[in-house]
Amino acid sequence: MTDTSIRTRFAPSPTGMFHVGNARSLLLNWVVARQSGGAMVLRIEDTDAARSRPEWTEGILSAMAWLGVDSTQYEGPYSQTDYADKHSEAAQRLLKEGLAYYCDCKREQVQARRDNPNLGYDGFCRDRGLEAGTGRALRFRIPEGGPTVVEDKIRGRVEFPHEALEDFVIARGDGTALFVLANVVDDVEMGITHVIRGEEHLSNTPKQQLLWEALAHTAPVWAHAPVLVNEKRQKLSKRRDKVAMESYQAEGFLPETMVNYLMLLGWAPGDDREIMPIEEMIPLFDLADVNSSPAFFDEKKLRAFNGDYIRALDVDEFVKRCAPYLEGEGVPWRPEDFDAAVFAQIAPLAQSRVAVLSEIVPNVDFLFLDLPVFDEKSWVKAMKPGIGAEMLTAAIATYSDESLAWEPEALKGALEQAGAAQGLKLGKAQAPVRVAVTGRTVGLPLFESLELLGRERTLERLRAALERLNA
């Protein structure tokens, strides 16, 4: 059953990055709007001029589009600053109706009047009848009695005693509205019926609900999703944790992985499945089923999810997704040395081993470089006395035989025999060869890699490694 009257809103502030918490809020709003046949409104909270830049707004739109929520999926974007006149009208209406008053108190004055400096405003100017003037802010008058009760779809009934709420500022001395008022006025003007956001906004909710009621409107449905925490159960912080969606995108996480994982932070579809496309999640999702406990943003689990999604891609699609990491600036090889046909051949092997797309470069770089870049720890581990020089010499002799078919099984069998002659099993015998050819002890299957590298280049690298070892 659809309810086209449902209108959710996603209202991020342009801050120079798109936080994973914002991404989770976006998806919750979008899913509720989609499943109801309603609409999601995108509004940019840009009243803080110092923190609002056009390129940051573009970053929000780009990150949303990457997650699959493009301009066809929402109304807007609207800017909060476009509604400045409405904000001022609402402030003056509250003043006229006796629901707000001007205050000229400075913070030091309030603290001097309170025994406890941590206590809020004491209502000193409530009955002074001040007029508008320089340095005079407009405060909302908290009603006597109470409490304000917030019925939250996720957290249930939450009560806020009025004695714990101070008369809060709704407009600055210059007449511009603060976020708490602007947010409510914008929601009223846009017909928002559901406000779905992170738990950190819960403390603002009683103030906003009081403003909705004071402006003679019914408050929206509230839903506050659980806070996201790291492995130490600390709230995710941009100063400490990797929280920018752009960094995950750059590293090579797939958008479908991020959507899947973010939807599971505090909610589960209920059938023990975790890997699930968003289209299957939409009809199953219910705000009432979201857990209110803090949700652990587990990057290791996210990487595992991403690996599963990568392995599920069609090989041609995998090749397409890897292209941005293999071409252009930043690659370790000369652009003209990259061979798309060779990469297409190795792609199925690489696809089964990478967890993020950026890992494709160190897995295949040896194919497109003149000589491999040696990992020194790998070199020391593989080139031990009694193994390194002996196996490199044996491999050179074995692979120089033109009668040896240059294909994986033949290459493997020949090296296995050469190793046995040295008293080594294949695992130890191939380690010096792998490092000589690829630069690392871990990577793609060795013999398929040798096939693609070719006899001449393989021998060139084996000889160069032996020369380096004997130097």
Item to check | Unmet requirement for Gln345, which otherwise passes all of (1) in contact with a Leu (Cβ under 7 Å, 6 or more places away or on another chain); (2) farther than 18 Å from Glu456 by Cβ; (3) assigned to a helix (DSSP H, G or I); (4) open to solvent by 60 Å² or more (accessible area, probe 1.4 Å) | outcome: (2)
Checklist outcome for this item: Going through region 14-37 in order, the residues found to be part of a loop (DSSP other than H, G, I, E, B) and open to solvent by less than 20 Å² (accessible area, probe 1.4 Å) are Pro14, Phe18
Checklist outcome for this item: Across region 412-452, the tally of residues that are more than 16 Å from Lys384 (Cβ to Cβ), part of a helix (DSSP H, G or I), open to solvent by 10 Å² or more (accessible area, probe 1.4 Å) and of a type outside the set (Gly, Ala, Ser) stands at 9
Item to check | Residue, most open to solvent (accessible area, probe 1.4 Å), within region 304-328, restricted to residues that are part of a helix (DSSP H, G or I) and of a type in the set (Asp, Glu) | outcome: Asp316
Checklist outcome for this item: Counting only residues that are open to solvent by 20 Å² or more (accessible area, probe 1.4 Å) and in contact (Cβ under 8 Å) with a residue 60 or more places away in the chain, region 215-230 contains a total of 2
Next on the checklist: Regarding region 294-303, can at least one residue be identified that is assigned to a loop (DSSP other than H, G, I, E, B), closer than 28 Å to Ser237 by Cα and open to solvent by 50 Å² or more (accessible area, probe 1.4 Å)?
Outcome noted: yes
Checklist entry - Just checking, how many residues over region 436-465 are without any contact (Cβ under 8 Å) to a residue 12 or more places away in the chain and at positive phi? => result 0
Item to check | Yes/no for Thr4 being open to solvent by 50 Å² or more (accessible area, probe 1.4 Å) and either assigned to a loop (DSSP other than H, G, I, E, B) or touching a Ser or Thr at 6+ places or on another chain (Cβ under 9 Å) (or both) | outcome: yes
Checklist entry - Filter region 109-138 for residues that are without any contact (Cβ under 8 Å) to a residue 40 or more places away in the chain and open to solvent by less than 30 Å² (accessible area, probe 1.4 Å); which is farthest from Leu95 (Cα to Cα)? => result Val110
Checklist entry - Taking region 369-392 on its own, how many of its residues are surrounded by 17 or more Cβ atoms within 10 Å (Cβ to Cβ) and part of a helix (DSSP H, G or I)? => result 7
Checklist entry - In this structure, is Glu45 touching a strand residue (DSSP E or B) at 6+ places or on another chain (Cβ under 9 Å), farther than 20 Å from Gln249 by Cα, of a type in the set (D, E, K, R) and surrounded by fewer than 18 Cβ atoms within 10 Å (Cβ to Cβ)? => result no
Next on the checklist: Tally up the residues in region 87-112 that are out of contact with any helix residue (DSSP H, G or I) (no Cβ under 9 Å at 6 or more places or on another chain) and either more than 17 Å from Gly175 (Cα to Cα) or in a loop (DSSP other than H, G, I, E, B) (or both), please.
Outcome noted: 9
Checklist entry - Any chance region 113-125 includes a residue that's of a type in the set (Phe, Trp, Tyr), in a strand (DSSP E or B) and under 19 Å from Pro206 (Cα atoms)? => result no
Checklist outcome for this item: In the set Glu251, Glu199, Glu213, the lone residue that is closer than 17 Å to Pro12 by Cα, modelled with pLDDT of 95 or more, out of contact with any Cys (no Cβ under 9 Å at 6 or more places or on another chain) and charged (D, E, K, R) is Glu199
Item to check | Identity of the residue in region 176-194, small (Gly, Ala, Ser) and open to solvent by 10 Å² or more (accessible area, probe 1.4 Å), that ends up nearest to Phe10 (Cα to Cα) | outcome: Gly191
Next on the checklist: If Ile387 meets every condition in (1) more than 30 Å from Met276 (Cβ to Cβ); (2) touching an Asp or Glu at 6+ places or on another chain (Cβ under 7 Å) apart from one, which number is that one?
Outcome noted: (2)
Checklist entry - Taking interchain pairs and intrachain pairs at least six residues apart, which have beta carbon atoms under 9 angstrom, with the first residue in region 328-347 and closer than 20 Å to Ala250 by Cβ and the second among the β-branched types (Val, Ile, Thr) and open to solvent by 50 Å² or more (accessible area, probe 1.4 Å)? => result Pro332/Val373
Item to check | Residue list for region 145-165, filter: part of a strand (DSSP E or B) and not charged (D, E, K, R) | outcome: Thr148, Val149, Val150, Gly156, Val158, Phe160
Next on the checklist: Consider region 381-401. How many of its residues are farther than 16 Å from Leu453 by Cβ and touching a residue at least 24 places away in the same chain (Cβ under 8 Å)?
Outcome noted: 10
Checklist outcome for this item: Going through region 195-212 in order, the residues found to be basic (Lys, Arg) and either open to solvent by less than 10 Å² (accessible area, probe 1.4 Å) or under 19 Å from Ala295 (Cβ atoms) (or both) are Arg197
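The values are calculated or read from the model by the stated rules, or taken from the named source; none is laboratory data. Remember, it's a predicted structure, so these values are computed and weren't measured experimentally. For neighbour counting, all protein chains shown are included, and Cβ atoms are generated from backbone atoms with ideal geometry for every residue, glycine included. Note: areas computed on protein heavy atoms with side chains; ligands, DNA, RNA excluded. Shrake-Rupley method; radii C 1.70, N 1.55, O 1.52, S 1.80 Å.
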